[in-house]
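Inspection log for the structure reproduced underneath, given as structure tokens.
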């Protein structure tokens, strides 16, 4: 799905998972989070919480016009915080999980795995948004972590953009590659998220080494890491990402897009 033109799609990561993608004249934002540092209690037995450690570098207003939100899931504050949730009603459409669309209502539109939706480009063309498989932890995690979805942006004259969402499963990446590889730009949610009380400390998102494997499987020309900083449960940051991609011989594909 890469474009023969080699056109560079503008992508900018604005802390945590929040990424602005300018595509076909449309402006997409992933998993909006803009709150200041703080604690977010988790709806689980025990005193468990998510802890945001760094302020967001931008506000929603700083991003300007937003045509669509790509929300991998709505149930965790590190992917949709209070300010991010307030933004949703201000955009034309929010693509998310089918269950999340039911909870959010309004302009939220659920995409099942492999389901597509089309948006009109300002120039009269169309952008196709495809919902892609993702799993937020080890096999069988869904009753606890909830549903999650990834996304692919395509258009007939543009390079493809993959957004992983909070996926920890390389088997899903292989499924996606079978249908869509090579992708041009892969926005990979990394960070090696773990929590001691959950799944014996198992991965909730890709770590750096798995991210490098995912990049190779997808044949991605460019990899934009996201979701690796600003929260206490992220176990790996930029240093670990750079080391893993260097070891895999893929360092030249990294673009931290700040």
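The table that follows gives values for the structure above.
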| quantity | calculated |
| --- | --- |
| Mean ellipticity per residue at 222 nm, deg cm²/dmol - from DSSP H runs of n ≥ 4 across the chain, formula -39500 (n - 2.57) | -5500 deg cm²/dmol |
| Ranking of 65, 253 by count of other Cβ atoms within 10 Å, fewest first | 65, 253 |
| Calculated P(r) of region 54-119 - Cα pairs past 19 Å, % | 31 percent |
| Neighbour-count order for 99, 246, fewest beta carbons within 10 angstrom listed first | 246, 99 |
| Whole-number percent relative contact order across region 59-102, with pairs defined as alpha carbons under 8 Å at least 6 apart | 48 percent |
| Region 11-253: Cα Rg divided by the 2.2 N^0.38 Å rule of thumb | 0.94 |
| Relative contact order, percent, the chain [alpha-carbon distance under 8 Å, six or more residues apart] | 18 percent |
| Antiparallel %, DSSP beta bridges [both residues in region 11-253], to 5 | 60 percent |
| Order of 113, 28 under a 10 Å beta carbon neighbour criterion, fewest first | 113, 28 |
| Antiparallel bridge percentage (DSSP; both residues within region 146-252; nearest 5) | 35 percent |
| Directionally averaged projected area (convex hull, Cα atoms, region 203-258), nm² | 3.8 nm² |
| Candidates 110, 124, 25, ranked by Gaussian network fluctuation over the chain, Cα under 10 Å, top entry | 124 |
| Region 53-192 - Debye-derived log10 I(q)/I(0), Cα point model, q = 0.15 Å⁻¹ | -0.79 |
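The numbers here are math on the coordinates, done by the rules we state, and not lab data. Model, not experiment: these values are computed from the prediction. Don't worry about glycine lacking a Cβ; one is built from the backbone with ideal geometry, like all the others, and counts go over all protein chains shown.
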